[in-house]
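Below is one structure, written out as structure tokens; comments come after it.
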Amino acid sequence: MVGYDGLLSFIGLALSGLIIPPLAIVAAVVVGLPLRLIPAVNRWWSGNLRVYASLATITVGLMAAGFVITVRQVGDLDGIAYDTVTPDPNLLCAGWLLAALLLVNASLPLRWSKKSRAA
């Protein structure tokens, strides 16, 4: 849990909301580089609907499991004891990172591109 101490916490939470998403996108691009740079893997990846559908299903499953499986958090924050149940952050983060990987590295099937229609 994050202790809220006024304006500084508000600014910190806003900045983390501006910094973390670009870092996730950069991580997805870096992890997806082999998908783009290795020709055999790129041919397999480009427009492979089964892989896209499988990854999308796994992503939705991870996020749904993150909300269904809860984590109990017990502690003391600013002298106030708390005992709460929250969604599992590990499953949620894994789902969001996999979604970012899929969205950043997805491409249209080759048969849908303008090049293939011209041929």
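Quickly run through region 66-103 and pick out the residues that are surrounded by fewer than 16 Cβ atoms within 10 Å (Cβ to Cβ) and in a helix (DSSP H, G or I).
F67, V68, P89, N90, C93, L103, listed by residue number.
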Is there a residue in region 22-43 that is touching a helix residue (DSSP H, G or I) at 6+ places or on another chain (Cβ under 9 Å), in contact (Cβ under 8 Å) with a residue 24 or more places away in the chain, polar (S, T, N, Q) and within 28 Å of V104 (Cβ to Cβ)?
no
In region 34-65, anything open to solvent by less than 40 Å² (accessible area, probe 1.4 Å), of a type in the set (V, I, T) and either at pLDDT below 90 or not in a helix (DSSP H, G or I) (or both) is listed as V51
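The values are calculated or read from the model by the stated rules, or taken from the named source; none is laboratory data. Bear in mind the structure is a predicted one, so any value in this text is a computation, not a measurement. Positions of Cβ are generated from backbone atoms using ideal geometry, with glycine treated the same way; all protein chains shown enter the neighbour counts. With ligands, DNA and RNA removed, areas are computed over all heavy atoms of the protein, side chains included. Shrake-Rupley method; radii C 1.70, N 1.55, O 1.52, S 1.80 Å.
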